[in-house]
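Encoded as structure tokens, the structure appears first; notes follow it.
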Amino acid sequence: MIDCDIHNTIPSLEALYPYLPDHWCDYIRDSAFVGPDVNDYPGGARIAALPESRPGNGGPPGSDPALVKTQVLDAHDIGIGLLTCNYWVQCIHHEDLAASMATAINDWQRDVWLEPEPRFRASLVVPSQNPELAAREIDRIGDHPGFVQVIMPVRTIMPYGKRYFDPIYEAAVRHHLVVGIHYGGAAGHPPTPTGWPISFHEEYAGMIQLFQSQINSLIAEGVFARFPDLRMTLIEAGFTWLPSFMWRLDKEWRGLRHEIPWVKRPPSDYMRDHIRWTTQPVDLPGNATHLNQILEQMQSDDLLLYASDYPHNHGEDTPGAWMDGLTEALSRKIRVDNAKSWYEV
């Protein structure tokens with residue numbers, strides 16, 4: 001199988017010191033900087049980590065490559081595991097520090113994760129709040145065969161359809177990299193369209209609205225018209241909401257497409273051509289019949305990529321066991337073939 005969402009976590013800020021210039025190490029110590037102010041998964045929430053994922057050395061879940069290898073790659077017969085380091089440098093207001101942190105993280109991933117274990121692939125961390133610096137980082141290391149994706153958070157200072165982000169897309173296409181948009185981030189705006197929630201439950205469940213807004217922006221503002229070879233993966237977004245969202249976009253496009261003449265086909269066509277979705281968290285309906293109906297309504301077997309979302313805890317004894325009820329052909333596409341072709345691995 002190919003696992004498209006394995007979180008590799010930086011054990012401590014000090015682990016990056018060997019990869020940072022002395023100036024930034026001094027700056028971090030002098031300013032008492034502790035990292036991006038992001039709390040995507042509150043430590044006390046059940047979803048935050050599987051109990052067995054905590055390393056014996058006291059580090060955070062996902063920080064021990066040997067343990068991740070044992071609990072994910074070996075335990076579930078994973079041929080390729082795609083690392084998704086969600087250390088959101090986008091939330092660091094000092095853009096030069098954010099860029100240096102991204103470089104340090106990517107070099108750390110190369111040395112600590114990719115070189116010792118050939119089954120791992122990684123996601124490039126970039127300072128997307130400054131697309132010029134982000135593109136520079138993609139150009140610096142984007143041709144390394146271990147990196148197959150650029151990762152950015154779904155919470156942003158502005159929608160991803162804006163031309164402001166075009167340098168990132170240009171660089172990603174130039175280096176044949178997928179752009180991954182992952183749950184989380186802290187852009188300074190509320191995580192809902194109507195203000196701040198009071199619970200993690202509201203934020204986590206409601207993040208679907210942000211993914212939908214980003215899709216709407218990417219299509220309506222012409223990103224896929226400007227970059228016809230751009231590939232994107234939405235990570236930890238769920239997928240059972242897709243059919244109704246496709247129907248809504250297509251319906252409104254038929255009546256309002258004069259506003260966006262560069263969108264020459266129904267929006268759902270662009271979604272099927274340019275976007276993929278990881279399977280976790282899977283919002284299973286009441287029975288297998290309903291699940292198969294949802295999958296049929298997507299009108300494509302190519303859209304889903306298997307993901308465990310390790311080390312997060314979604315209450316499954318065996319990740320992906322729900323796919324056992326699918327046809328053998330569809331199960332294989334989700335577990336292996338779709339990711340193999342999408343990430344060219």
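What the table below lists for this structure:
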item: Subset of segment 101-118 (residues that are closer than 19 Å to residue 1 by Cα and over 19 Å from the mean Cα position of the chain (by Cα)); result: 117, 118
item: Residues of segment 143-159 satisfying the condition of being closer than 18 Å to residue 213 by Cα, out of contact with any Ser or Thr (no Cβ under 6 Å at 6 or more places or on another chain) and crowded, with 16+ Cβ neighbours inside 10 Å; result: 153, 154, 155, 156
item: Matching residues in segment 83-96 - criterion: being without any contact (Cβ under 8 Å) to a residue 60 or more places away in the chain and either over 16 Å from residue 156 (Cβ atoms) or basic (Lys, Arg) (or both); result: 94, 96
item: Filtered residue count, segment 224-262, keeping only those that are part of a loop (DSSP other than H, G, I, E, B) and in contact (Cβ under 8 Å) with a residue 40 or more places away in the chain; result: 12
item: Residue ID - surrounded by the most Cβ atoms within 10 Å (Cβ to Cβ), chosen from residues in segment 320-345 that are of a type in the set (Phe, Trp, Tyr) and under 23 Å from residue 178 (Cα atoms); result: 343
item: Filter result for residue 99 (among the small types (Gly, Ala, Ser), out of contact with any Pro (no Cβ under 8 Å at 6 or more places or on another chain), touching a residue at least 24 places away in the same chain (Cβ under 8 Å) and outside any loop (DSSP other than H, G, I, E, B)); result: no
item: Tally, over segment 58-84, of residues that are under 21 Å from residue 278 (Cα atoms), polar (S, T, N, Q) and assigned to a loop (DSSP other than H, G, I, E, B); result: 1
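Yes or no, residue by residue, for (1) over 24 Å from residue 339 (Cβ atoms); (2) within 12 Å of the chain's Cα centre (by Cα); (3) not in a strand (DSSP E or B):
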| position | (1), (2), (3) |
| --- | --- |
| 158 | yes, no, yes |
| 166 | yes, no, yes |
| 173 | no, no, yes |
| 176 | no, no, yes |
| 179 | no, yes, no |
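All of the numbers you see were taken from the coordinates with simple rules; none came from a lab. Since the structure is predicted, the reported quantities are computational estimates derived from the model, not experimental observations. Heads up, the Cβs are rebuilt from the backbone with ideal geometry, glycines too, and the neighbour counts pull from every protein chain shown.
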